[in-house]
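The values are calculated or read from the model by the stated rules, or taken from the named source; none is laboratory data. If you're wondering where the values come from, they're calculated on a predicted model, not measured in any experiment. Heads up, the Cβs are rebuilt from the backbone with ideal geometry, glycines too, and the neighbour counts pull from every protein chain shown.
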Amino acid sequence: MNSINNRYDFVFFFDVKDGNPNGDPDAGNLPRIDAETGGGLVTDVCLKRKVRNYLQITHPQKDEENPVPPWAIFVREKAVLNRAIVSSWDETNKGKTIKSVEEKRNAEESTRKHMCNKFYDIRTFGAVLATSDKEKVGESVDDKKLRKTGGQVRGPVQLTFARSVEPVIALEHSITRMAVTNEKDLEKERTFGRKYTVPYGLYRAHGFISAHLANEKNGTGFSTEDLDIFWNAMQQMFDHDHSAARGLMSTRKLVVFKHKDALGNKPAHELFERVTWKRTNDETKPAREFTDYEILLDGKTFPETFKVVDVS
């Protein structure tokens, strides 16, 4: 697979209707909201999780404990990360005697490359490939005391938090259930619960793809095929992530700025400023549909959901 040679910056719009796009576990799973502006928030971690889930659907593994490269997912549900790191270390350094710091550094590098080749999400987003077992300072580096790591991998693809373009509100709904959980509650007619939703919100996130960090020699080996899969994931990931909590979530616009080379032609912020939005109806009324907005590129509307713009 060929590594990418161009830098990319992109703007990503998605919306939610009658759902909770990203609950805050520290606030009773309320939708994340900026306390000062009232704007809705969705973390970059949440978006990356959906990309990983999309890969697991489109490129499934027969055995998640023994995944096959190059489409395996490192950070997945119930995964033991240290086990995967140690397994890659043992596979790439089998039979080697590691006594010096230099030999250990080479072993870590071979482990890093092996895991980048094997796991799509490491190749894309990066990872910290370290175990919690610490070797004792000053002692020889042998198999019994060795800390088997792959170092730190900087991923070429990075995302920002998504912010709603206008303030949102979080609604609390009381819900009832006719069944009970425990025997002791049999005499109760029903049980009660709560559900939180955002009536409507249009969210905007930004992303960056570095060709230098994708380079196969010194980077992760993120390829043109990996890039195509990532663009597909960004467009389709919500279609495979439905739940009662999330309501209706949809990708609305993905505008990609493709630079001429790895270094890039222009600063990202100048490109992002070319993508704007405006209301199509009375701004004093709350938006409840995507048709209440228009997304503009250089002041003009465009029909495509996925649009690539060459940066000159």
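For this structure, a couple of remarks:
- Within region 166-175, the set of residues being crowded, with 21+ Cβ neighbours inside 10 Å and either touching a Phe, Trp or Tyr at 6+ places or on another chain (Cβ under 7 Å) or in a strand (DSSP E or B) (or both) is empty.
- Of all residues making up region 233-272, the number that are in a loop (DSSP other than H, G, I, E, B), touching a strand residue (DSSP E or B) at 6+ places or on another chain (Cβ under 9 Å) and among the small types (Gly, Ala, Ser): 5
- Taken over region 288-312, the residue count meeting the criterion of being farther than 21 Å from Lys17 by Cβ, surrounded by 11 or more Cβ atoms within 10 Å (Cβ to Cβ) and of a type in the set (Lys, Arg) is 1.
- So Ala127, is it in contact with a Phe, Trp or Tyr (Cβ under 8 Å, 6 or more places away or on another chain), aliphatic (A, V, I, L, M) and assigned to a helix (DSSP H, G or I): no
- When the residues of region 53-84 are filtered to those that are modelled with pLDDT of 95 or more and β-branched (Val, Ile, Thr), the one that is farthest from Asp228 (Cα to Cα) is Val75.
- Considering Gly221, Gly264, Gly193, Gly207, the condition of being more than 30 Å from Arg112 (Cβ to Cβ) and either in contact (Cβ under 8 Å) with a residue 24 or more places away in the chain or surrounded by fewer than 19 Cβ atoms within 10 Å (Cβ to Cβ) (or both) is satisfied by Gly193 alone.
- Residues of region 246-261 satisfying the condition of being of a type in the set (A, V, I, L, M) and either outside the structural domain of Thr305 (by TED's automatic domain parsing) or buried (at least 16 other Cβ atoms within 10 Å of the Cβ) (or both): Met249, Leu254, Val255, Val256
- Residue that is assigned to a strand (DSSP E or B), in contact with a helix residue (DSSP H, G or I) (Cβ under 9 Å, 6 or more places away or on another chain) and of a type outside the set (Val, Ile, Thr), where the choices are Leu202, Leu227: Leu202
- Count of residues meeting criterion [more than 24 Å from the chain's Cα centre (by Cα) and among the aromatic types (Phe, Trp, Tyr)] in region 190-210: 1
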